[in-house]
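Data first, discussion second: the structure below is written as C-alpha cells.
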Amino acid sequence: MEHGDTFILDTCRSKKGITVWEITHGELALTHHTQHPSFLVSFPDPHLHYALIEDLESSFDVLECTFRSIYEEYEGFSINAGRDIAEQIEKQTRYQARLFNVDIRPEQRFAAETREGPGGWRGIDRFIPEHEFPGTMMEISCSENPHRSEHTGVITIRDLTEGRRPYILSGPDQQNIDDLCDIVQSSDPDVILFPEYDRWSSFICTAADKWGIPNTLSRTGRFRSLSSRSYFSYGRMEHRLGARMPEGRIIIDTRQSFMYREGDIRGILLASRITGLSPNLTSRLTPGTLISSYEVYEALARGIAVPFRKSDAESYRRLEDMRLDYRGGLTLQPQPGIYEGVTQIDFTSFYPSIIVKYNLSPETLKFPEREGFLATVLDPILKLRHVTKQKKKSDPGYAGMDGILKWMLVTCFGYTGYKNARFGRIEVHEQITLRATELLQE
C-alpha cells in the first residue's frame, strides 16, 4: 500500500497544548500545537443563572453557541476553562446545568479535531490495516524478579530492528542503569519492549534521579504517571499497575499488557489509530476502555458533545414491563448423554452485527428512523474485523490487529448496559439480546 511521508508515532500533552512526535523519511521530528481546555454547558433557564454567566464571561473566554448530543440540540456556551470550573458550575446550579466535553483527554481531542492520531501514516484512512510501522525497536529485560527483588540483576538489551549482538549488563545497579541509559540514548529506538517495565519503571526513575543519571528512556526526560487501580470485571477483581510513561518513545510492558499479548505491536498501533490515544496508553487499557475511548473519539470528530455526567443509563419503567424486558439471552439446556456428529456454530461478532443491522443506539429507541450513533461507529471496525480475520489465515501479521478488534467488539455489547458508559443504555442492551433470541429461534 502506498502511504504518506509522515508516520505519527506519539502525542503528548504539554503545559501549553500538544506535542506530536513524527517519523518522516526515517527522521524523527516533533511539532507543538497550542490547545486550551474547554467545555460546553447548557442551562435549563439561563435567566436564573445570569449572575453566574456574567462572572464566567468576566474571567474566561465564553462563546454563546448551539451544540448537539446524540439526542438533541442545546443552546448553551463554550467556556475556555478546565474541569475544576465545570464542577463549580455544577455545584452552583445544584446540578441543573448540563455539561459536555469536560474530561476529554487533550491528546484525544486534538486527534479528533485534526483527524491526525498516533499509530498511523498521515493522510491514510485509519481503518485500513496496512499501516506499516517505519520505526526502530529494542527489547530490554532484567534477570531478577521484581516481585522478590529491588535489584535489576543482569540487564539484556537486544536490537530488534538490525539484529545486532545483544548488550549484557551485569554490574552493580548504578553502573547498569548508567549503561542502560547510554545505550538507549545512542540507539534511540522508537519502541521498547520491556517485560515488567511497569514494575521496574519506578525503581529505574528513582535510581536515575538519586545517582544523577539522565533518564533517556523518555526522549524529553519527562514521564507521565499512570495511577494503579483495582476494578471488578466479569466476576473477578483485577488490578492494573501504575506506570511511568515516557514522551516521544513507546515502552510496552509485554508481560503485564493484556492488549499486547493479544495484539502485538501492530494491534497496539491500530488501537491508537482508531482511539486517538498514545500507544503508551492503549497498551495499558482494557478492551472496554478502548471501545469507550473509540466512541468518544468518533463523537468528537462528528461534532457530537460527550456528556460529563451519565444521566440516561435507564429510564423509568413499570414493574410489569421490566419483568418482560429482563429475560436475558436465550439458553438451551442440553439433555445429558453421549452424542456423535456434534457441530459447533460460532458467530463472528454476533452482537455488534445486530447493533449495526438493526440500528440500535440510545437515541433510536424512541426514534428508530434516525441514524443510530452506536450503529454507525461500530460499522467500520466491524468491517475491518472481517478483513483482518480473513487476511490472518494467509498472513499471521494480521493476527494481532484481529485480536484487538475482537476484544473491542466483544466488550461493546457489555458497555451498552454499563451504567457509566458514555453512550450506553440498558434498554439498548435488552434490545440486542431480544434480537439475538429471535434470530436463534428462527
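Since every read-out is calculated from the coordinates, none of them should be taken as a lab result. Values in this document were obtained by computation on a predicted structure and should not be read as measured data. No Cβ is skipped: glycine too gets one built from the backbone with ideal geometry, and neighbour counts run over all protein chains shown.
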Quiz item: Where the centroid of each part is defined by its Cα atoms, how far is the stretch 332-347 from the stretch 199-251 in Å?
Solution: 48 Å
Quiz prompt | Kirkwood hydrodynamic radius of the stretch 319-441, from inverse mean 1/r over distinct Cα pairs, in Å | solution = 16.3 Å
Quiz item: Once the Cα atoms of the chain are picked out, what are the Rg and Dmax in Å?
Solution: 24.4, 78
Practice problem: Could you tell me the convex hull volume per residue, in Å³, taken over the Cα atoms of the stretch 39-100? | Solution: 77 Å³
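What ranking do Ile204, Ile345 get, fewest neighbouring Cβ atoms within 10 angstrom at the top?
Values: Ile204 24, Ile345 5.
Ranking Ile204, Ile345 by Cβ neighbours within 10 Å, fewest first, gives Ile345, Ile204.
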Exercise. Nearest 5 is fine: what % of DSSP beta bridges in the chain come out antiparallel, could you say?
Key: 85 percent
Quiz item: Do any GluC sites (Glu not before Pro) in the stretch 1-74 lie in a loop, going by DSSP, with at most 10 other beta-carbon atoms within 10 Å of their beta carbon, and if so which?
Solution: Glu2, Glu72
Quiz prompt | Fluctuation leader among Glu295, Glu196, Glu150 - the chain, Gaussian network, Cα springs under 10 angstrom | solution = Glu150
Practice problem: Of all alpha-carbon pairs in the stretch 1-111, indicate the percentage at a distance above 24 angstrom. | Solution: 40 percent
Quiz item: Could you state the number of Å between the C-alpha centres of the stretch 36-88 and the stretch 387-442?
Solution: 36 Å
Quiz item: Once the Cα atoms of the stretch 208-258 are picked out, what are the Rg and Dmax in Å?
Solution: 14.3, 46
Quiz item: Where Rh is the Kirkwood radius over the Cα pairs of the stretch 137-301, the temperature 10 °C and the viscosity 1.306 mPa s, what D in µm²/s does Stokes-Einstein return?
Solution: 95 µm²/s
Practice problem: Can you tell me the dipole magnitude for the chain around its Cα centre, using point charges on the Cβ only (Lys, Arg +1; Asp, Glu -1), in Debye to the nearest 20? | Solution: 840 debye
Quiz item: chymotrypsin sites (Phe, Trp or Tyr not before Pro) within the stretch 380-442: which are DSSP loop residues with at most 10 other Cβ atoms inside 10 Å?
Solution: none
